[in-house]
1. Run through the DSSP bridge list for region 104-252 and note the antiparallel percent, rounded to the nearest 5.
2. Rounded to the nearest Å, what's the spacing between the alpha carbon centres of region 388-431 and region 136-213? Just the number, please.
3. Please compute the length gained on full extension between ALA281 and VAL243, using 0.36 nm multiplied by the number of residues separating them and subtracting their Cα-Cα distance.
4. Among the listed pairs LYS153/LYS360; LYS382/LYS476; LYS384/LYS419; LYS360/LYS419; LYS153/LYS419; LYS355/LYS419, give every one whose C-alpha distance is greater than 27 Å.
5. Loop only by DSSP, 15 or fewer other Cβ within 10 Å of the Cβ. Give me the trypsin sites (Lys or Arg not before Pro) in region 424-479 that pass, ordered by residue number.
6. What is the spin-label model distance, in nm, from HIS320 to VAL259 if the labels are put 7 Å beyond Cα along the C-beta direction?
7. So, in nm, how far is label HIS420 from label ARG199 when the simple model puts each one 7 Å beyond its Cα toward the Cβ?
8. Any idea what log10 I(q)/I(0) is at q = 0.17 Å⁻¹ for region 262-482, Debye with uniform C-alpha scatterers and no solvent?
Amino acid sequence: MGLVIGNFLDRMARFDKIWPQRARVSGTLTSRWTSGLKSSLAEKADLRAVPAQKGMAALGGKSEEFRQGFGSTVADAIRRHGAGRAQGALRKRKKNPMTTPWQRPPAVIVLEDGTVFRGRVFTSAHQGRVLGEVVFNTAMTGYQEVLTDPSYKGQIVTMTYPLTGTYGINDEDMESARIQVEAFLVKEYQDFPSNWRSRRSLAQFLDSQGVLGVEGIDTRRLTRHIRLVGAMRGIIATDTDNVGELLDQVRAFPGLVGVDMVQKVTCSAPYRWENGPQPEAVWKEGHAGFRVAALDFGVKYNILRNLERCGCQVLVFPAHTSAETILAAQPDGIFLSNGPGDPAAVTYGIETVRKLLGQKPMFGICLGHQLMGLALGGRTFKLKFGHRGANQPVRDLRTGRVEVTSQNHGFCVDLESMKHVPVQPTHINLNDNTLEGMEHLAIPAYSVQYHPEAAPGPHDATHLFDRFVQLMGRNKGLSSSETPRHHDS
Ligand SMILES: NC(=O)CC[C@H](N)C(=O)O
């Protein structure tokens, strides 16, 4: 496979060798899952003799809580932040008690092929079972954006990066109004975030919306398994360990193929985007920027932020809106958003896009790109395990330029099927040569499978938003210098 995946596997192999050494040399709790398995409290205190003693001295009367199981979190906090801040953290922790990893309730994950993984629940709000397609994301940061990206609806997401939670959750990096993933699986959860923007911990965020978080998963084994066998349905249970029963339940779950997930995430009524969603669904009086009608199949906020940054004003329409209603708003351009699930199941969206093609300049991202492909007469298929991460190399076939891109998709437009359509393929994924972008030869319409808005990921491709603005300008008879330009390309 490609260089990027090769590097990734190599890095994971090296990480495994380095990890135990680091834990031995520093004598800290970096590997809580090895040290944590020692069951007697005396042994625990021994294993982390230095931070534990400092912790007890610094906390004075708090040593009783240490013995009762706050030990690792307090010692962790002292190591990271010093005794003063650790005391503050302990006070917060008493309000929202979190047990040490080895005290957390067990969770079992069963994949549809019978493979079993075990972990521990690091959230408190959830008891029971969760079903979804299990997918992995290789971005090293960006868990907040991943959790809130509507394209993950119906999916249980695991991060391949082994430590999650370090920088908490902030108020700015939301990609929609809520958490969209069905559940979140990590190798090691870090419950003491340290970042100037952090407002709450990852566990608190998941708890606030009743979403299950599980740690202690062998995420490397899980990822390698999905890569070898392919995307799979999975079930997480916190209420039973009966694998046979869970296997029956996961096999009865329909999964994502052929299922319209868009209706679960699209907005219920049109709205204007202006530094966030605004209730009124009308163009702003006196605004000179191009008017973009965005069809919301599960739009990420950062796409709307980017359009706004390019000087556009944006009205967002529910996925079911008819082509006639959209054209009646007299937009200068039409944007087709990203979104979850199988594009072929969004039949009403395909029909609307077919009617809108050629009426106004059109730009599609991810699911929007797939719907454009289907509306033009192409086909889509499910990739073996999908592209999700922030390091996918894409070549622009017209310039030869390679961009490192952010991606999140499990389906793909079949390049072969586009051979009979008046479309030029413009971008190719260098890992597996699948189609990543196209441009219509006769009408102003183009699309990309990847995410130029990043969030998370590199900003190599933000120029694609400028291209949309240029296209709208040309369509209105403006020269390129008369059209605003906001991104460096
Ligand atoms: N990010 C997206 O828009 C994803 C598109 C589609 N749901 C897929 O998985 O391929």
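1. In region 104-252, approximately 60 percent of DSSP beta bridges are antiparallel ones.
2. Between the Cα centres of region 388-431 and region 136-213 lies a distance of 27 Å.
3. The ALA281-VAL243 span can extend by a further 8.7 nm.
4. LYS153/LYS360; LYS382/LYS476; LYS153/LYS419
5. LYS476
6. Output for this residue pair reads 2.0 nm.
7. 5.2 nm
8. The computed values of log10 I(q)/I(0) come out as -1.23.
Read the figures in this text as sums done on the coordinates, not as results from a lab. Note that this is a predicted model, so its numbers are computed, not measured. Quick reminder, even Gly has a Cβ in these numbers, built from the backbone with ideal geometry, and neighbours come from all protein chains shown.
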